Amino acid sequence: MINFAVNQWDKNKQKLEENILNNLKDYEDCDYRYLVAKVVEFIFNDENSEFTGDEYDCEKITEINNGGYQGTLLYIIPEKSYQPSEYQYLMTYVNYGSCSGCDTLKALQRQVEDIFDEYSDYTPEAETEKTAQAVKDIMSLCLHLVQNTIKPYNKGWAFDENFEEVK
């Protein structure tokens, strides 16, 4: 995990958790790209960040999927810039499966679906044990995306120690 990701997670995880709780229905049928965009929006993009003055672009995240019904998804996240250079990207990944038994997101979506089947009048204020667990589990998956984040071209004159791996 890189220093930037550690610090941004510690500082901003509450924002993401609130978004998940208040918009839980949106997570019922989302994909991994959606989760990456939420991590970028609520964790990495921070106007008060001590690490970078630039924000990352939630709209221009590129997904690479060379798998079939299972595999690894790579996500390339550019800074908001007219033409980002190689050193202005972050990258993360997630392994995925084909069913709720081998794919974390699919299992979480079944969990959320069960909540809405049981509580058709769901509101964040009426939080249940199941809701708390679902939010915690989605947060855990988002943490894995944060932990897997690297800045691949953090070298030479563009080197920034904040994007080095934590030892």
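Summary of computed values
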item: Average silhouette area of region 87-131, convex hull of alpha-carbon atoms, in square nanometres; result: 5.4 nm²
item: Two-site FRET efficiency, residue 63 against residue 86, from Cβ-Cβ distance with R₀ of 22 Å, rounded to 0.05; result: 0.75
item: Candidates per trypsin sites (Lys or Arg not before Pro) in region 1-91, loop by DSSP, up to 12 other Cβ within 10 Å; result: none
item: Two-site label geometry, residue 161 and residue 46: point separation in nm, points 7 Å out along Cα→Cβ; result: 1.9 nm
item: Set 13/60; 38/106; 60/130; 80/106; 11/130 screened for pairs whose C-alpha atoms are more than 28 Å apart; result: 60/130; 80/106
item: Tilt relative to the chain, helix 3-22 - C-alpha long axis, 0 to 90 degrees, to 10; result: 30 degrees
item: For the chain, diffusion coefficient by Stokes-Einstein and Kirkwood Rh (Cα), 25 °C, 0.890 mPa s, µm²/s; result: 146 µm²/s
item: Taking 122, 56, 96 and counting other C-beta atoms within 10 Å, the order from fewest to most; result: 122, 96, 56
item: Shape metrics for region 93-163, restricted to C-alpha atoms - Rg then Dmax, Å; result: 17.6, 56
item: Helix-only CD estimate at 222 nm, as mean residue ellipticity for the chain, using -39500 (n - 2.57) per DSSP H run (n ≥ 4); result: -12000 deg cm²/dmol
item: Folded to 0 to 90 degrees: helix 104-118 orientation relative to the chain principal axis, Cα; result: 40 degrees
item: Additional length obtainable on full extension of the chain from residue 121 to residue 74, 0.36 nm per residue less Cα span; result: 13.2 nm
item: At most 14 other Cβ within 10 Å, DSSP loop - GluC sites (Glu not before Pro), region 138-167; result: 164
item: Distance-filtered residues of region 85-116 - backbone nitrogen under 19 Å, label point 7 angstrom along residue 130 Cα→Cβ; result: 100-101, 105-116
item: Ranked 115, 138, 77, criterion: other C-beta atoms within 10 Å, fewest first; result: 115, 77, 138
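Only the coordinates and a few stated rules stand behind these numbers; no lab work does. Fair warning: this is a prediction, and the values are worked out from it, not measured in the lab. Here Cβ is always computed from backbone atoms with ideal geometry, including for glycine, and neighbour counts include all displayed protein chains.
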